[in-house]
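Below is one structure, written out as C-alpha cells, with a few remarks after it.
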Amino acid sequence: MKSLVYVLIPLILIIGCGCQATEVNDTAVAMGLGIDWQEEHFVLTSQLARPTTQEQSGSSEDSQFIVLSEKGKTPTEAARRVMLTLPKIPLWFHASTILIGENLAQEQLPLLVDFLCRNRNIRKNSLVVITRGSTPAQVYELQSPLEPHSAVAIRRTLEIQEKQAGIYMPVTLGDFLFKLSTPGIEPVVPRVEIIPNGNQKMLKIEGTAVFRGPQMVGELNAQESQGYRFLSPKRIRGGLFVIPALDSPERWISIELITSIADAKPVIENNQLKMQVDIIADGNFYEQTSPEQLLSLEKFNQVQRLAQDQMTKQAVQAINRAQTLKADIFGWGRLVESSYPDLWQEIKQDWPETFSQLDYDINIRFELRRTYLTDSSFIFR
C-alpha cells in the first residue's frame with residue numbers, strides 16, 4: 001500500500017502542475033538584472049541570452065545577448081513592461097548578477113528593498129554590484145572580452161580577483177538585505193565602472209560602496225577595501241599585497257596571503273568603550289624586485305614585521321574611512337549588543353556618532369610559510 005502511495009503522489013503532482021508549466025521555447029534566460037532610478041521612475045534592465053542555433057554558436061559576428069530596459073512606478077511594473085517588447089517570458093531567477101544604479105543607491109534605495117525581499121524570482125545568492133559613472137543598461141550593453149555576457153563577466157571577475165588580488169569581497173543579495181535590516185552593522189557593496197581600453201571600453205571592479213542605513217554615503221578605495229577584507233571575522237583565503245624592500249623603499253616585495261581571520265571584541269577601559277581587534281594571518285614570500293638576500297633568519301623576521309605593518313596600515317585606513325562616514329561596516333555594534341546588552345540599549349540610537357569616535361587597538365600576527373622555487377635571490381654573474 002505504501003509503495004502505491006509513493007508512486008501516485010509524484011504522478012498527481014506532475015499532472016496537477018502540467019497545466020501551469022511553461023514551454024522552454026517560450027522563455028528567455030536572464031543573465032543579469034539592473035535597477036536604477038530616473039525621472040521619478042524605476043528603470044529595470046535585463047541582459048538576456050540570445051537564442052542561437054548550432055551553426056551560429058561558433059560565430060562572433062553578433063552579440064550573444066540583448067539588453068532591454070523599461071520604466072515603471074514600481075520595479076515589478078517595469079519588469080512586466082519588458083514583456084511588451086519581448087515575445088518570450090524572461091526567467092529572472094537565472095540572473096546571477098544584480099546591478100544597482102548609483103542614482104538609486106544614493107537616493108531611493110528604500111523603495112527597492114521590498115521588491116528584492118518579496119520577489120520569489122530574485123535569487124538571494126545573486127551578487128550585488130553598484131555602478132559608478134554609468135547606468136546598469138550601459139554596463140550590460142558592453143561587450144566583455146573572453147566572456148559573452150557582461151553580467152557573467154562581472155560575477156566571475158569578483159570571484160577570481162578575491163582569490164588572486166584579494167581586494168574586494170563579493171556580496172550576495174541575502175547578505176546585503178541582512179545587513180540593511182540588522183542594527184549594529186552596515187552593508188558594503190563592490191562597484192563596477194566602464195574604463196577606456198585603447199579604442200574600446202571594458203569593465204573594471206573599482207571601489208566599495210558604503211551604506212549607512214538604506215543610503216549610500218561614500219566608498220572605500222582599493223587600499224581601504226583590502227583593509228576591510230583583512231578585518232573580516234570570517235576566514236579569508238588568497239590575495240596579494242606589497243611591502244617595501246628592506247634595502248630601498250623604491251623596491252618592493254610581494255606577499256601572497258594564504259589565510260587571515262580577525263577577532264574583534266568590545267572592552268571597557270577606564271569607563272570608556274573601545275574595540276580590541278586581533279588578526280592572525282599567514283602568507284608566502286612570492287617575489288622581490290630587490291637583489292638583496294632577504295631570507296636569513298634576521299631579515300626573514302623583518303619581512304614578517306613589514307607585512308604586519310602593511311596589514312595594520314590598511315586596516316586602520318578602512319576603519320578611519322568608515323568612522324568618517326559614520327558607517328559601522330564591521331558589525332562592531334552587534335558585538336557591543338552581545339557583550340554589553342544594557343550599554344547597547346543606552347547608545348544604540350546614537351551608534352553612528354558613537355562609532356565615529358570609538359577608540360580601537362589592532363594587533364596582527366603574521367607568519368611567512370613558503371618561498372616557492374628558490375630560497376635565495378637571483379645572482380647575476
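FYI, it's all coordinate maths here, none of it is from the lab. Bear in mind the structure is a predicted one, so any value in this text is a computation, not a measurement. No Cβ is skipped: glycine too gets one built from the backbone with ideal geometry, and neighbour counts run over all protein chains shown.
Express in nm, to one decimal, how much length is gained between LYS204 and GLN38 on full extension, taking 0.36 nm for each residue of separation and deducting their alpha carbon distance.
On the way: separation 166, 0.36 × 166 = 59.76 nm, distance 2.39 nm.
Result for the pair: 57.4 nm of gain on full extension.
Using only alpha-carbon positions, what ratio does the radius of gyration of the chain give when scaled by 2.2 N^0.38 Å? Before the final figure, lay out each step's value.
Details: Rg = 25.0 Å, N = 381, 2.2 N^0.38 = 21.0 Å.
After normalising by residue count via 2.2 N^0.38 Å, the value is 1.19.
Within 10 Å, count the other beta carbons around each residue, average over each peptide in 236-247, 37-48, and list them highest first.
On the way: 236-247: 17.8, 37-48: 19.8.
Highest-to-lowest ranking by the protection proxy: 37-48, 236-247.
So how many Å³ per residue does the convex hull of the Cα atoms of the range 183-276 work out to?
Here the figure is 185 Å³ per residue.
Summing +1 for each Lys or Arg and -1 for each Asp or Glu, what net charge is found among the other residues whose Cβ lies under 15 Å from the Cβ of LYS326?
Working: positive: ARG212, ARG321, LYS348; negative: GLU186, GLU219, ASP328, ASP350, GLU353.
Overall, the nearby charge balance is -2.
Determine which residues of the range 125-139 fall in the zone a paramagnetic label at ILE89 would reach in this model, i.e. backbone nitrogen under 20 Å from the point 7 Å along Cα→Cβ.
None, by backbone N distance to the label point.
Based on Cα positions only, what radius of gyration and what Dmax would you give for the range 63-153, in angstroms?
When restricted to the Cα atoms of the range 63-153, Rg and Dmax are 13.3, 37 Å.
For the range 226-381, what is the convex hull (Cα atoms) projected area averaged across all directions, in square nanometres? List each step's numbers first, then the result.
Values: hull surface 43.0 nm².
Orientation-averaged projected area of the Cα hull: 10.7 nm².
Of the listed peptides 103-112, 269-278, 350-359, what is their order by residue-averaged count of other C-beta atoms within 10 Å, with the highest listed first?
Working: 103-112: 17.0, 269-278: 12.7, 350-359: 14.9.
Result, highest mean first: 103-112, 350-359, 269-278.
Measure up LYS179/LYS348; LYS163/LYS299; LYS326/LYS348; LYS88/LYS204 against 20 Å on the Cα-Cα distance and list the ones that go over. All intermediate terms of the calculation are to be shown ahead of the outcome.
Values: LYS179/LYS348 16 Å; LYS163/LYS299 28 Å; LYS326/LYS348 13 Å; LYS88/LYS204 32 Å.
Pairs exceeding 20 Å: LYS163/LYS299; LYS88/LYS204.
When the Kirkwood hydrodynamic radius is evaluated over all pairs of different C-alpha atoms of the range 291-344, what value in angstrom, to one decimal, is obtained?
It works out to 14.1 Å.
Could you run the Debye sum over the Cα atoms of the range 170-238, one equal point scatterer each and no solvent, and tell me log10 of I(q)/I(0) at q = 0.14, 0.27 Å⁻¹, two decimals?
At q = 0.14, 0.27 Å⁻¹ the computed log10 ratios are -0.51, -1.30.
If packing is taken as the mean number of other Cβ atoms within 10 Å per residue, what is the order of 135-142, 174-181, highest first?
Working: 135-142: 22.4, 174-181: 16.8.
Output ranking for 135-142, 174-181: 135-142, 174-181.
Can you give the percent of C-alpha pairs in the range 280-371 whose distance is more than 18 Å?
Summing the P(r) tail past 18 Å for the range 280-371 gives 59 percent.
What translational diffusion coefficient, to the nearest whole µm²/s, does the range 263-321 have by Stokes-Einstein, given a Kirkwood radius computed over alpha-carbon pairs, a temperature of 4 °C and 1.567 mPa s viscosity?
Translational diffusion coefficient: 91 µm²/s.
State the dimensionless ratio Rg/Rh of the range 102-194 (Rg: radius of gyration of Cα atoms; Rh: Kirkwood radius).
On the way: Rg = 13.9 Å, Rh = 14.4 Å.
Over the Cα atoms of the range 102-194, Rg/Rh equals 0.96.
What is the Cα centroid distance between the range 230-304 and the range 76-93, reported in whole angstrom?
The two parts, judged by their Cα centres, are 49 Å apart.
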